[in-house]
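Okay, structure first, notes after.
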Amino acid sequence: MTDAVFEQLTAAAYVRSPLHSQERDWPETNCYLDVWIEVLPSLGLPAEACLAYSVTQDFEGDQFTFFKVPLEDLEALYGLKVTELAVYDRVENHVQQQIGRGRLSLVEVDSYFLPDTHGVGYHEAHGKTTIAVNRMDFESRTMEYFHGLGLHRLEGDDFDGVFQREDHQKPLPFLPYTEFVKFPDVRPSADQILKVSEELLRRHLKRRPAANPVAAFAREFPAQVEQVSMREFGFFHLYAFNTLRQLGANFELFSSYLDWLSTQGRGELEEGVAEAKVISSTCKMVQFKLARAVMRKKFGGLDEGLLPAVKAWDSLMQRLDRAYGEGNSGFEPVASVAGA
């Protein structure tokens, strides 16, 4: 029975995906997608190909859609079958069983015990996050896991803490949500992946918001920020993560998707890449302004700061419609935030 899904990988020698480069506006995205950004290249598969769903992101009133690659897209593109793992024994026992079968387990754990969150939450704050376990050894109490910006290692008390063993054992109000991944016997070819990815883009374009979600957010933004400013400053980080960060990171990844399509010889998409990057960089800039506004209690002009992203979303969707879509009935470009 193997003790690792990817025997050739070790945390010490691991090289992260370019999609997690520190040169990007948003090196980290969200815990679930960050796992796939690293796991897919470890399988020899292009992670960029699964990012077509990004166009479906909407403003949900209090947040932007928490973007996660649809499981049906993973199966259509790569032949990966992701299924919920029923937990009736200790979680680590199930994970070990799946590793022995060559399957990857994705588990919700407490980030308090994850060394890669050092300086952010490690041994300081408790929070739910998703990891994918590559290697585990009960005797040495060690584990290597995909999370955040790569492949990491933990040991000792952190191993016990993650799985709530020994001194950390306590009754659980509910069991952690866990999935496992079945790999295909034959991996799809690059041509197959490209063809399916473009089909998914056409499908997702039909499912995108009928009205500009960035403009909808801009209308609500100033009032929301005033409410945020009345809370303790830590709440600012939660708000920014679920609004500006989710929007910006989503479209920075979409720019990488369009760039990937372009490298596959699929038309002139450079302007679309640039428009998606405008959304990303605008969100990063406005997040800095938001932090200052919350501290100074001055909120004027925040919605106007989003205008480049509003216009870029309109232009990008029109460009994609011409290249891949059949149009979206009822969609009209937004000339300004005030008129949206």
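Derivation of every value follows stated rules applied to the coordinates shown; laboratory data play no part. Being a predicted model, the structure only gives us computed values, none of them experimental. All Cβ positions, even for glycine, are placed from backbone atoms using ideal geometry, and neighbour counts span all protein chains on display.
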- Query: Once fully extended, how much extra length lies between Leu71 and His237, figured as 0.36 nm per residue of separation less the alpha-carbon to alpha-carbon distance?
  - Reply: 56.9 nm
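Only loop residues by DSSP count here, and only those with at most 15 other Cβ atoms within 10 Å; note down the GluC sites (Glu not before Pro) in segment 263-316 that meet that. Don't skip to the answer; put the middle values down first.
Values: sites: Glu268, Glu270, Glu271, Glu275, Glu304; in loops: Glu268.
Answer by residue number: Glu268.
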- Message: Can you give me the C-alpha center-to-center distance between segment 241-299 and segment 119-153, rounded to a whole angstrom?
- Response: 28
- Message: Quick check on the exposure proxy: order Asp116, Asp167 from fewest to most C-beta atoms within 10 angstrom.
- Response: Asp167, Asp116
- Note on the structure: For the chain, using Cα atoms only, the Rg and Dmax in Å read 21.1, 64
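In what order do Ser256, Ser54 fall by count of nearby beta-carbon atoms within 10 Å, going from fewest to most? Before the final figure, lay out each step's value.
Numbers: Ser256 21, Ser54 24.
Result, fewest neighbours first: Ser256, Ser54.
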- Item | Peptide ranges 248-254, 261-267, 289-295 listed from the most packed, as the mean C-beta count within 10 angstrom indicates | 248-254, 289-295, 261-267
- Note on the structure: Candidate cut points under GluC sites (Glu not before Pro) in segment 20-108, DSSP loop plus at most 13 other Cβ atoms within 10 Å of their own Cβ, are Glu23
- Using eta = 1.306 mPa s and T = 10 °C, Stokes-Einstein with Kirkwood Rh from Cα pairs puts D for segment 108-159, in µm² s⁻¹, at 145
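Please arrange Leu40, Leu74 by how many other C-beta atoms lie within 10 Å of their C-beta, fewest to most. Write out the running numbers ahead of the final one.
Numbers: Leu40 22, Leu74 18.
Fewest-to-most ranking of Leu40, Leu74: Leu74, Leu40.
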- Applying the span-like rule to the chain (DSSP H, Cα extent along axis at least 18 Å, Kyte-Doolittle mean at least -1.0) gives 190-206, 213-229, 246-263, 270-296, 307-323
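Could you compute the net charge surrounding Ser262? Neighbours are other residues with a C-beta less than 15 Å from the C-beta of Ser262; K and R count +1, D and E count -1.
On the way: positive: Arg266, Lys277, Arg319; negative: Glu48, Glu198, Asp259, Glu268, Glu270, Glu271, Glu275.
Here the charged neighbours net out to -4.
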- Query: Taking the convex hull of the alpha carbon atoms in segment 91-247, what volume per residue do you get, in Å³?
  - Reply: 176
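When the Kirkwood radius is taken over all Cα pairs of segment 163-287, what Stokes-Einstein diffusion coefficient follows at 10 °C and 1.306 mPa s, in µm²/s? Numbers along the way, then the final one.
Numbers: Rh = 18.7 Å.
Calculated translational D: 85 µm²/s.
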- Message: Give the lysines reachable from Lys182 as a straight Cα distance under 17 Å; neighbours fewer than 8 places away on the same chain don't count.
- Response: Lys81
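For segment 210-323, what number of Lys pairs, 8 or more residues apart or on separate chains, have alpha-carbon atoms under 23 Å from each other? Can you show the working numbers first?
On the way: Lys277/Lys289; Lys277/Lys311; Lys284/Lys297; Lys284/Lys298; Lys284/Lys311; Lys289/Lys297; Lys289/Lys298; Lys289/Lys311.
Value for segment 210-323: 8.
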